[in-house]
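These notes are about the structure you will find just below.
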Amino acid sequence: MIKKYGIPALVILVLVGIGLSNIIRVDGDTHTAAYKGSTLCKMCHQNTHKELVEAYLKTGHPKAFQKADAEGAIVADFSSNPVFTKDKVAYVLGKGIKQQAFLDANLQVLPAIWDVKTKKWKPTQAVDGATQCIGCHVTGYNAETKAYVEAGVGCESCHGPGGDHVSNATAKGSILKLTELPRDRQTMICGGCHSKGKDLSGKFAFPIGFKPGDDLAKFFVDAKPTTPGLNQQYSEHITSTHYTKLTMTCTTCHDPHNQSGIAHELRKPVNEQCLGCHAAKIKDMATHAPNAAADATCATCHMPYGEHIFKKLEKKEGS
């Protein structure tokens, strides 16, 4: 056959043999692609985005879920734990920036958390981690099998499954670029975990089937919390004027890769971040709040308990 049809036929056969479909492929789809894990992402992007990758690895996201025997995983002092012993712990939730929670081998949350700041144990509800926690602490979670592709919040948690991107990095749509999404869809990516509510079945505390770029409301019923709480920043933010009138997204203030190295993944220190927009009305902290404590920031008064509703305080007479 080769002799009859000449060199062009040979070229065609070789191309088919190495996977012609990947060469001519135009589009990819993060919805149908498989999760591959951040290790593959780093293999390429350690060269193209070295500073970004290295900064991200220092955040709390990659270590949101760890095996108890991983080096440095547990920061708690178990000698003072009155509820359970260290040998009961199979998995750790959280890097230990603010607190850590612990799961047993059956993915049940153990009834005490470690508060990093006070170095004390605090009681917590012993819930089913498989339905109430895991989905937001791992990447590529399968709620039916309780399996996951990657421990921790990996690259694909925000950029979508990268199977198509690995096969053909230049294929359009093979990986999600957040800046190309509408503002609300960008914010919903964070909201998939930083919110309080239930999936449509009412069983899970995270949105089952949600992929970055989706409409979160089709997968999750927001509880619309009215009191302070953990991991409900999105639920609060979407009620604030920052979102409804000023069209701000989470990444207006936060950089999930944390290239600044500032706490809470802020792009700038708190006061500098706020005054970037409010400088026209507020000169500085000293004139704006002369009676505030020396270490007070804009967040001290306007974001008590870390709330993201950005309270506008009423000015009292004589103040």
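Key figures
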read-out: Residue under evaluation S235, criteria (1) more than 21 Å from A130 (Cβ to Cβ); (2) at pLDDT below 95, criterion not met; value: (2)
read-out: In region 74-110, the residues that are small (G, A, S), touching a strand residue (DSSP E or B) at 6+ places or on another chain (Cβ under 7 Å) and closer than 19 Å to G135 by Cα; value: A90, G94, A101
read-out: Hits in region 282-313 - residues which are outside any loop (DSSP other than H, G, I, E, B), open to solvent by 50 Å² or more (accessible area, probe 1.4 Å) and small (G, A, S); value: A286
read-out: Pick from region 54-72, criterion without any contact (Cβ under 8 Å) to a residue 40 or more places away in the chain and hydrophobic (A, V, I, L, M, F, W, C), ranking: most open to solvent (accessible area, probe 1.4 Å); value: L57
read-out: Scope region 148-170; condition open to solvent by 50 Å² or more (accessible area, probe 1.4 Å) and modelled with pLDDT of 95 or more; matching residues; value: Y148, V149, H159
read-out: Number of the exception - T247 against (1) open to solvent by 30 Å² or more (accessible area, probe 1.4 Å); (2) closer than 30 Å to H137 by Cα; (3) modelled with pLDDT of 90 or more; (4) assigned to a loop (DSSP other than H, G, I, E, B); value: (3)
read-out: Selection count, region 76-116, where residues are farther than 29 Å from T145 by Cα, among the hydrophobic types (A, V, I, L, M, F, W, C) and open to solvent by 50 Å² or more (accessible area, probe 1.4 Å); value: 2
read-out: Of residues in region 205-244 being part of a loop (DSSP other than H, G, I, E, B) and among the acidic types (D, E), the one farthest from C158 (Cα to Cα); value: D215
read-out: Exclusive hit being under 30 Å from T39 (Cβ atoms), open to solvent by less than 40 Å² (accessible area, probe 1.4 Å), modelled with pLDDT under 95 and within 19 Å of the chain's Cα centre (by Cα), set L216, L230, L176; value: L176
read-out: Residue in region 250-258 that is under 29 Å from S38 (Cα atoms), acidic (D, E) and open to solvent by 40 Å² or more (accessible area, probe 1.4 Å) present; value: no
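The values are calculated or read from the model by the stated rules, or taken from the named source; none is laboratory data. In this text the structure is predicted, and so the values were computed from the model without any measurement. FYI the Cβ positions are ideal-geometry reconstructions off the backbone, even for glycines, and counts take in every protein chain you see. Ligands, DNA and RNA are stripped out before the accessible areas are found, and what is left, the full protein with its side chains, is counted by its heavy atoms. Shrake-Rupley method; radii C 1.70, N 1.55, O 1.52, S 1.80 Å.
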